[in-house]
Ligand SMILES: Cc1cc2nc3c(=O)[nH]c(=O)nc-3n(C[C@H](O)[C@H](O)[C@H](O)COP(=O)(O)OP(=O)(O)OC[C@H]3O[C@@H](n4cnc5c(N)ncnc54)[C@H](O)[C@@H]3O)c2cc1C
């Protein structure tokens, strides 16, 4: 197995909005940059699915209002310095997007990507296309289909990354700095609206590099996501027509019973958490449906209904199954206002990071976060790289590095007989477990049961010996997902309160006296350690 190697100044791991912004900025600052995506560059990311809503100060919405709304949503757990950075730099990031050809226009509390009302194109796809076009005009090297398995840490600094191309070739990137922009982990849950490959790789990479992660137990749910078998779990976005009905399997209207006050459009803003919980509980008892059959024909020509209309499924003719689903991860890697992590040379941006959102994310803040902190991470990594250029430190001789990583690559592919479970079945078991035990509603008994069941799945994962490269990718996913799930279950056991998106049935109230604390997760000698730190 011949390993390919490459030297650059800054590799950017991840090509969603955060990674694309970071790459553009680092290159503008004169550095040699490459950008990696698990599949393509830009597509297959959560960014490509996004609704294109950015929250940021505009002519009618002040910075102070942005700050207050985000603080309120975060219920006291956010990092105020990071939040200030987001608020201060939000509108400038929108200008930057305009410069890159994204048609940004003001809306109530921020900006949206302007499109004709009759366009059924996803705003996220427009966003990605504009940025990838911008990248293609630059010197940034694009490496689609490279899956990063490890960060290269040499002498206490991030100096590159190691991974496999999908077709099997191991690849070593040697660099002066690294930017982590791998997104969140929504797809570790059976019910989610994320892209399939968003499995929390960045969290595992950071933990394994010795970095702490924070507040992983805070997972945001969206109440209305398509749950028809054989259809993709598409988020059902506003604006909702006034004719929309929410039904149970007997055809009874659930809106009032589930406490939807006013219309659905307001409810997804004001009651997103309580609605997700109510719908989760209702769907434990029976199926829940959206019914668009009373929506008049002319409304089907406008987004987002025109997007549904393109499907072969007869959304306009019969009610269809919906469920709440995982939407966003608030927790992640700690960064400072310059996008630096605790590991020198490693910078991070986007959903993989922690800090801005606290206990729950305000709608529209994720994309603004990616643009603001993606730029900052790109600039900071470039500054750091320049100091390394003039530094006299000697890197480990290349041949030594290469030998070490070639041995590691071979170690991953241990050809042994005796796979008892198919990795696909194990991943399904993990996702079911996540949804059942670490879903919208948690409690001590079920969290304990979840941890017991996870331990037995972990034993089955150990017995998966990857004989082929396809199995190798899958085993890696299984290990990462199991680690992350263990963290979420354990962290949820310890937090004996409910706050923001985090709901404990046995501790239904926010407990400011005991729980104005962030949860810190570390991996020490392979064991997960959890501590709590006052905000
Ligand atoms: C359906 C939907 C709609 C949304 N709408 C909005 C909205 O309107 N407004 C808003 O603010 N937020 C929205 N969000 C949230 C927001 O879109 C995401 O938080 C944001 O796009 C994340 O961007 P990112 O760059 O951090 O990661 P992503 O866009 O998820 O990209 C992650 C990248 O990392 C790569 N990667 C991961 N692991 C590896 C690895 N091991 N090796 C190599 N590459 C790797 C992936 O291939 C991908 O390129 C929405 C989310 C969803 C799911």
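What follows draws every value from the coordinates through simple rules; no lab data is involved. Because the structure is a prediction, the values reported are computed rather than measured. So basically every Cβ, Gly included, is an ideal-geometry build from the backbone, and we count neighbours across all protein chains shown.
Relative to its residue count, the range 244-318 spans a Cα convex hull of 107 Å³ per residue. So how tilted is helix 398-412 from the main axis of the chain? Cα-based, degrees 0 to 90, rounded to 10. Roughly 50 degrees between the two axes. Expressed as a whole percent, the proportion of Cα-Cα pairs in the range 402-535 lying more than 18 Å apart is 62%.
Taking 20 °C and 1.002 mPa s as the conditions, I'd like the Stokes-Einstein D for the range 473-531 in µm²/s, using the Kirkwood hydrodynamic radius from alpha carbon pairs. If you can, show how the numbers build up before the last one.
Details: Rh = 12.9 Å.
Using the Kirkwood radius from Cα pairs, D works out to 166 µm²/s.
Only Cα pairs under 8 Å and 6+ residues apart enter the sum, and on that basis the relative contact order of the chain stands at 21 percent.
Find the centroid of the Cα atoms in the range 442-502 and in the range 123-156, then give the distance between the two in whole Å. Answer, in whole Å: 29.
Estimate the FRET efficiency between residue 249 and residue 40 by the formula 1/(1 + (r/R0)^6), using the beta-carbon distance for r and 35 Å for R0, to the nearest 0.05. About 0.30, to the nearest 0.05. The label-point distance for residue 138 and residue 400, in a model that sets each label 7 Å from Cα toward Cβ, rounds to 3.4 nm. Computed over the range 29-142, the P(r) curve from all C-alpha pair distances, binned at 10 Å from the origin, holds 13, 35, 35, 17, 0 percent per bin. Subtracting the Cα-Cα distance of residue 117 and residue 297 from their residue separation scaled by 0.36 nm leaves 63.3 nm. Apply the Debye scattering formula to the range 120-213, with a single equal point scatterer on each alpha-carbon and no solvent, then give log10 I(q)/I(0) at q = 0.10, 0.18, 0.19 Å⁻¹. Values returned for q = 0.10, 0.18, 0.19 Å⁻¹ are -0.35, -1.07, -1.15.
The mean sequence distance of close C-alpha pairs (under 8 Å, at least 6 residues apart), as a share of the length of the range 427-527, puts its relative contact order at 31 percent. Annotation: the antiparallel percentage among DSSP beta bridges lying fully within the chain is about 70.
Scaled against 2.2 N^0.38 Å for its residue count N, the alpha carbon radius of gyration of the range 99-256 is 1.37. With a cut-off of 15 Å on the backbone N, the residues of the range 164-181 near the modelled label site 7 Å out from residue 6 along Cα-Cβ are 164-179.
Would you please give the FRET efficiency between residue 106 and residue 408, computed as 1/(1 + (r/R0)^6) with r the Cβ-Cβ distance and R0 = 60 Å, to the nearest 0.05? After rounding, the FRET efficiency stands at 0.75.
For the pair residue 494 and residue 525, label points projected 7 Å from Cα toward Cβ lie 1.8 nm apart.
Between residue 342 and residue 257, residue separation times 0.36 nm minus the direct Cα-Cα distance comes to 25.8 nm. Please list log₁₀ I(q)/I(0) at q = 0.14, 0.21, 0.32 Å⁻¹ for the range 1-47, using the Debye equation with identical point scatterers on the alpha-carbon positions. Here the Debye-derived log intensity ratios amount to -0.37, -0.71, -1.11. Distance from the Cα centroid of the range 314-354 to that of the range 226-246 is 21 Å (rounded to whole angstrom). Here the ratio of the Cα radius of gyration of the range 237-363 to 2.2 N^0.38 Å is 1.37. When restricted to Cα atoms, the range 92-155 yields an Rg and a Dmax of 16.3, 56 Å, respectively.
In the chain, the longest principal axis of the Cα atoms and the axis of helix 469-494 are about 60 degrees apart. For helix 272-285, what angle does its Cα long axis make with the longest principal axis of the chain, in degrees from 0 to 90 and rounded to 10? The two axes meet at around 80 degrees. Wrap a convex hull around the Cα atoms of the chain, take a quarter of its surface area, and give that in square nanometres. Over every viewing direction, the Cα hull of the chain projects on average to 24.3 nm². Counting beta carbons within 10 Å around each of 320, 315, 280 and listing the fewest first gives the order 320, 280, 315.
Summarising the label geometry, the points placed 7 Å from Cα in the beta-carbon direction at residue 468 and residue 383 lie 4.9 nm from one another.
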